[in-house]
Amino acid sequence: MPYVNLQITKGATREQKAELVKDITDSLVRVLGKKPEHTHIVIQEIAEEDWGFSGLLTDDWKKAQPK
């Protein structure tokens, strides 16, 4: 039974999340032959102030990007 934990920053629409779940499930079926009814996808949304990379919190990194 595949279990996928997808962590993204907040802001995705319900439709985008549904598309991600479908695409990930379809990939597991196609590549690994897994049954979709046994596949679980969990989406965790994380605030940009709680996600960091490149030495910065994501909200600070976005503020520093040229507009």
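The values are calculated or read from the model by the stated rules, or taken from the named source; none is laboratory data. What you see is a predicted model, and the numbers here were worked out from it, not measured in a lab. Note that we place each Cβ from the backbone using ideal geometry, even for glycine, and neighbour counts take in every protein chain shown.
Looking only at region 7-14, decide whether some residue is modelled with pLDDT of 95 or more, part of a helix (DSSP H, G or I) and surrounded by 12 or more Cβ atoms within 10 Å (Cβ to Cβ).
no
Residue-by-condition table, conditions (1) among the aromatic types (Phe, Trp, Tyr); (2) in a strand (DSSP E or B); (3) in contact (Cβ under 8 Å) with a residue 12 or more places away in the chain; (4) at positive phi:
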{"residue": "Asn5", "(1), (2), (3), (4)": "no, yes, yes, no"}
{"residue": "Val21", "(1), (2), (3), (4)": "no, no, yes, no"}
{"residue": "Asp26", "(1), (2), (3), (4)": "no, no, no, no"}
{"residue": "Val31", "(1), (2), (3), (4)": "no, no, no, no"}
{"residue": "Val42", "(1), (2), (3), (4)": "no, yes, yes, no"}
{"residue": "Trp61", "(1), (2), (3), (4)": "yes, no, no, no"}
{"residue": "Lys67", "(1), (2), (3), (4)": "no, no, no, no"}
